[in-house]
Amino acid sequence: IMFSGLTVANVIGVPIGTYLGQQFSWSVSFYLVGLVGLLALGSIYLWMPQIKVDEREEKVTVSQGLKNSELWALIALTTIGTGGFFAWYSYVAPLITDVAGLPNHFVGYAMMLAGLGMVAGNFLGAKMAEWFSPLKAVIISLSVMCGILLLNMMVATNPYLLMVLTFVIGAISFTVATPIQMAIINTSKGSEMLGSSMNQSAFNMGNASGAYLAGLPIAFGYGIVYSSLVGAILAFSGVAIAVGILIVRKRKESKYRKMAMGC
C-alpha cells in the first residue's frame, strides 16, 4: 500500500510539478512540495497512533539486525538496483526534448506515462513475489530492466518508441519494490522495523547515486542517452548481488543439512 501511494504520486504530483515549473518557475514546484510536506507532517501528528516500544528490547533487536550480513547485502541491492531506474528517470526530460525532439509540454505527458507504469508495475511486482520467491522476482525484474534500458538507449531518437518505453521502464522498475521489501522483512526476523527503514534509506540513496552516476558520462560529453547505459549497468550489478545472496544462502543450507546428518 505504501508503494502504491508513491506510484500514484508520480502519476499526479510529478506532472503537476513539471507543468508549474515550465509555466512559472522551478521554485513554484518546491513551494508546493513544501506545503504538501507540512500537511503530511500535520496529518501524521494528528492521526498517527503512538506505539509504545520497550527501549531495552529495541536496542537488542537493532543490534542483532545490524549484525545481519544478508540484510546489508539486500540494502546494497536496493541502492544499486533502484539506482538503475533513477539513472534513467533523472534525465527523462532531456531525453524527450533534446534527443527525441519533442516539445517541452510532452515532458509532463511522459512523466504521467512513467507514473502509470509504476502503478501497474507495483501490483505486478506483488504478484511476482507470490509466483516466485521475492529474491527471484527481483532478479527477473532487474534483468528485464537492464535489457529495456539498453533498448531505450538505442531507440531514443524515435519519439513514439521512446514514449512507449517510458511507460514500460516505469512498470518494470517498480516490479522490484514489493519483492525487495518482502525479502528484507523475511531476512530481518525480529528487527523488521529496522530492515524496512533501512530499505527506504537505501531507496533514497539509489535515487541520489543513480542520478549522479548517470550524470558523469553526460558531463564528459557522451550525450544524454548514456544515462540509460549507466542505468543498465546498475541494474545488472543488482542482479549480480541478488544471485550472490542466493548462492550464499544455498551454501549455508547445505552446510546446515550436513551438520544435521552428522548429528
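The values are calculated or read from the model by the stated rules, or taken from the named source; none is laboratory data. Treat the numbers as computed from the prediction; the structure is a model and nothing was measured. When we count neighbours, we look across all protein chains shown, and the Cβ atoms used for this are built from the backbone with ideal geometry, even at glycine.
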Go through the residues of segment 224-242 one by one and say whether even a single one is modelled with pLDDT of 90 or more and outside any helix (DSSP H, G or I).
yes
In segment 177-200, how many are modelled with pLDDT of 90 or more and part of a loop (DSSP other than H, G, I, E, B)?
0
Could you go through segment 207-216 and let me know if any residue there is buried (at least 17 other Cβ atoms within 10 Å of the Cβ) and aromatic (Phe, Trp, Tyr).
no
Checked segment 76-105 for anything assigned to a helix (DSSP H, G or I) and of a type in the set (A, V, I, L, M); matches are ALA76, LEU77, ILE80, ALA87, VAL92, ALA93, LEU95, ILE96, VAL99
For segment 122-130, indicate whether the set of residues that are without any contact (Cβ under 8 Å) to a residue 12 or more places away in the chain, out of contact with any strand residue (DSSP E or B) (no Cβ under 6 Å at 6 or more places or on another chain) and of a type in the set (Asp, Glu) is non-empty.
yes
Take GLY108 and decide whether it is among the small types (Gly, Ala, Ser), surrounded by 22 or more Cβ atoms within 10 Å (Cβ to Cβ), assigned to a helix (DSSP H, G or I) and in contact (Cβ under 8 Å) with a residue 60 or more places away in the chain.
no
The listed residue being surrounded by 20 or more Cβ atoms within 10 Å (Cβ to Cβ) and over 19 Å from VAL99 (Cβ atoms), out of VAL176, VAL225, VAL230
VAL176
How many residues are in a loop (DSSP other than H, G, I, E, B) and either surrounded by 10 or more Cβ atoms within 10 Å (Cβ to Cβ) or at pLDDT 80 or above (or both) if we restrict to segment 54-66?
0
Sole residue being touching a residue at least 40 places away in the same chain (Cβ under 8 Å), out of contact with any Lys or Arg (no Cβ under 8 Å at 6 or more places or on another chain), of a type outside the set (Gly, Ala, Ser) and surrounded by 22 or more Cβ atoms within 10 Å (Cβ to Cβ), chosen from VAL119, VAL99, VAL92:
VAL92
